[in-house]
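The structure appears below as structure tokens.
The values are calculated or read from the model by the stated rules, or taken from the named source; none is laboratory data. Fair warning: this is a prediction, and the values are worked out from it, not measured in the lab. Cβ sites come from the backbone with ideal geometry, for glycine too, and all protein chains shown count toward neighbours.
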Amino acid sequence: MELKIEISNGLSILPFRCSTEVVRGIFGEPEETEELDNACDGSLESIAWNYDEKGLIFFFDVTSMEPSLSTIETDNQDAELFGEKLFKLKREELINLMKSKGFGEFEEEEETWGESRLTYEEAQIDFYFNDQDLSLVSWSCFE
């Protein structure tokens with residue numbers, strides 16, 4: 001299955017803001033689901049659908065009337081961004097790719113579990129690294 005990341009849009013085959021039914025129609029039933037609460041008031045904020053064998057997690061915002069796709073995470077080795085297989089790129093190569101596409105500004109942070117994270121706020125995308133190797137990509141569409 002082709003996994004082409006489209007910044008602000010989702011995947012080439014799956015747009016952000018689509019329903020759970022659309023995701024189910026393309027990927028089938030999730031292997032695992034999880035409800036995620038708001039840290040401030042404990043209300044249900046999103047639902048995560050995990051497709052572990054495909055290396056994908058879909059997060060649905062449930063604060064509006066109908067749940068809609070708002071964030072995607074992947075560790076699928078075939079995931080592409082701007083025509084490049086992301087997980088074959090080292091940290092500096094990924095930074096150069098993003099810069100070449102107009103996303104030069106990023107923040108870097110060390111996570112408590114040991115990974116480093118590059119956040120491109122304008123693109124709403126995070127890249128997680130173990131040393132120089134990409135381990136996870138998470139991208140969103142929030143208005």
task: Please indicate, with yes or no, whether at least one residue in the stretch 93-101 is buried (at least 19 other Cβ atoms within 10 Å of the Cβ) and closer than 23 Å to residue 14 by Cβ.
output: yes
- request: Looking at (1) closer than 24 Å to residue 22 by Cα; (2) polar (S, T, N, Q); (3) in a strand (DSSP E or B), find the lone condition where residue 135 falls short.
  value: (1)
field: Unmet requirement for residue 136, which otherwise passes all of (1) within 16 Å of the chain's Cα centre (by Cα); (2) assigned by TED's automatic domain parsing to the domain that holds residue 10
entry: (2)
statement: Within the stretch 60-86, restricting to residues that are free of Cβ contacts under 8 Å to residues at least 40 places away in the same chain and surrounded by 18 or more Cβ atoms within 10 Å (Cβ to Cβ), the one that is farthest from residue 126 (Cα to Cα) is 62
- line: Note on the stretch 112-135: residues closer than 23 Å to residue 51 by Cβ and either of a type outside the set (Lys, Arg) or crowded, with 18+ Cβ neighbours inside 10 Å (or both) are 113, 115, 124, 125, 126, 127, 128, 129, 130, 133, 134, 135
message: Any residue that is within 13 Å of residue 138 (Cα to Cα) and touching a strand residue (DSSP E or B) at 6+ places or on another chain (Cβ under 7 Å) - is there at least one of those in the stretch 39-47?
response: no
- request: Go through (1) at pLDDT 95 or above; (2) of a type outside the set (Phe, Trp, Tyr); (3) buried (at least 18 other Cβ atoms within 10 Å of the Cβ) one by one and return the number of the condition residue 3 breaks.
  value: (1)
- prompt: Has the stretch 34-56 got any residue that is under 23 Å from residue 122 (Cα atoms), at pLDDT 95 or above and not assigned by TED's automatic domain parsing to the domain that holds residue 126?
  reply: yes
